[in-house]
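Below: one structure, written as structure tokens.
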């Protein structure tokens, strides 16, 4: 009986909150004090026991108001409503239970902010796992620190909008031959042994994440054609990004790699990787390349404040310039030229096009023939219009603290369906 009453109450409040405007609702923010022990929330009856602090509000009604405001955000979008939503913590108490109940194409939607203490395994099912409130308010922490927080052995899995922490193994691991086309987007990943590990996994995307204070940032092993784009990777004890063992044709672009021991470490035969438009600064080694790792394309990167900007041994032969001429503006003039990297210890002089007149020598067989005399941002258009400035990543993630829903879901029908299942 209590379940029915609470269900009617929630539905009524949602309808009222959707129809009636609430003054100041557009300015409500989700604060970082929204934590609760999610594993103890077993059904919707228990939601009214939560105390959610939103500014000066502190009540279950204010939580409903926030959900309602999210609903209005959803209703502004035009994309089709998905077939199946698996809600957490209701009706599924844990993310794992929601994943286990899912079929390929389903969406596991974490509806409430808080800390979810579990290890999530995804096998042979293509699902999207995302939080409603974003990484600032929704954390997944390893229950068993010896295992990954998220372990994925499937294709077409998306992980979006979580803080991921507490593993002595990996924050996220994508593992297994045939595990491909996965996406890791807008997560904060810290306090793990590996932030992310790809092993025998191809054609995945790691985008718009903040990866810091792990022992290792991103580890790519026997994995090819992946895109590592627009991430902030900093303060990892060992390396920011590590490519090894025939990891070929990956794209590493528009990332900030700072205050790691190695910004980028390439070891044991990776080839044909594109490393472009990255800010590589204040590492012990900006980039370190060893053991027959050749034919990688490294250009339009800023190497600033590293103890050693670049090291390569004599077994490696890489391309330190763009493979083709690039169109760009420099000091209000238009130029076309091959382009190298900006090195803060370059001592040569500049031509009128902003390209150094003498090469920058990394090693006798590894030479930047077109070194830039200014940081890349001064060469307008060089990194192309599709560059999303990664230095704005913090601003982008801060917006997730507000009620900004980036999804094609309509929350009001979701909650109605969830209530009907109880």
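The values are calculated or read from the model by the stated rules, or taken from the named source; none is laboratory data. What you see is a predicted model, and the numbers here were worked out from it, not measured in a lab. Cβ coordinates were reconstructed from backbone atoms using ideal geometry, including for glycine residues, and neighbour counts include every protein chain displayed.
To keep it simple, each residue is scored yes or no on (1) assigned to a loop (DSSP other than H, G, I, E, B); (2) at pLDDT below 95.
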| residue | (1), (2) |
| --- | --- |
| 315 | yes, yes |
| 321 | yes, no |
| 324 | yes, no |
| 327 | no, no |
| 335 | no, no |
| 340 | yes, no |
| 352 | yes, no |
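Please verify whether residue 414 is assigned to a strand (DSSP E or B) and either crowded, with 20+ Cβ neighbours inside 10 Å or modelled with pLDDT under 95 (or both), treating the condition exactly as stated. Break it down stepwise before answering.
Details: assigned to a strand (DSSP E or B): no; either crowded, with 20+ Cβ neighbours inside 10 Å or modelled with pLDDT under 95 (or both): yes.
When the stated conditions are applied, residue 414 does not pass them.
Considering the stretch 241-257 alone, what residues qualify as being within 16 Å of the chain's Cα centre (by Cα) and crowded, with 21+ Cβ neighbours inside 10 Å?
Answer for the stretch 241-257, where residues must be within 16 Å of the chain's Cα centre (by Cα) and crowded, with 21+ Cβ neighbours inside 10 Å: 241, 252, 253, 254, 255, 256, 257.
Given (1) crowded, with 24+ Cβ neighbours inside 10 Å; (2) over 18 Å from residue 296 (Cα atoms); (3) out of contact with any helix residue (DSSP H, G or I) (no Cβ under 9 Å at 6 or more places or on another chain), where does residue 191 come up short, assuming only one miss?
Going through the list (1) crowded, with 24+ Cβ neighbours inside 10 Å; (2) over 18 Å from residue 296 (Cα atoms); (3) out of contact with any helix residue (DSSP H, G or I) (no Cβ under 9 Å at 6 or more places or on another chain), residue 191 breaks only (1).
If I filter the stretch 111-128 down to residues being part of a strand (DSSP E or B) and over 19 Å from residue 166 (Cα atoms), which single residue comes out as nearest to the chain's Cα centre (by Cα)?
128
Taking the stretch 354-389 as the region of interest, how many residues are at pLDDT 95 or above, assigned to a loop (DSSP other than H, G, I, E, B) and more than 31 Å from the chain's Cα centre (by Cα)?
So the count comes out to 7.
Which one is nearest to residue 170 (Cα to Cα) among residues in the stretch 201-218 that are in contact (Cβ under 8 Å) with a residue 40 or more places away in the chain and surrounded by fewer than 24 Cβ atoms within 10 Å (Cβ to Cβ)?
This residue is 210.
I'd like to check something: does the stretch 231-240 contain any residue that is touching a strand residue (DSSP E or B) at 6+ places or on another chain (Cβ under 7 Å), surrounded by fewer than 20 Cβ atoms within 10 Å (Cβ to Cβ), on the phi < 0 side of the Ramachandran plot and assigned to a strand (DSSP E or B)?
Checked against the condition, which is being touching a strand residue (DSSP E or B) at 6+ places or on another chain (Cβ under 7 Å), surrounded by fewer than 20 Cβ atoms within 10 Å (Cβ to Cβ), on the phi < 0 side of the Ramachandran plot and assigned to a strand (DSSP E or B), the stretch 231-240 yields no hits at all.
Before we move on, is residue 195 closer than 24 Å to residue 366 by Cα and free of Cβ contacts under 8 Å to residues at least 60 places away in the same chain?
So residue 195 does not fit the description; no.
Going through the stretch 359-373 one residue at a time, which ones are within 11 Å of residue 317 (Cα to Cα) and either in contact with a helix residue (DSSP H, G or I) (Cβ under 8 Å, 6 or more places away or on another chain) or without any contact (Cβ under 8 Å) to a residue 24 or more places away in the chain (or both)?
Passing the criteria: none in range.
For the structure I just gave you, tell me whether residue 181 is under 17 Å from the mean Cα position of the chain (by Cα) and closer than 17 Å to residue 131 by Cα. Can you show your working first?
Numbers: under 17 Å from the mean Cα position of the chain (by Cα): yes; closer than 17 Å to residue 131 by Cα: no.
So residue 181 fails the test.
Just to verify a result, which residue in the stretch 87-101, among those that are in contact (Cβ under 8 Å) with a residue 40 or more places away in the chain and within 24 Å of the chain's Cα centre (by Cα), is farthest from residue 164 (Cα to Cα)?
Filtering first and then ranking leaves 87.
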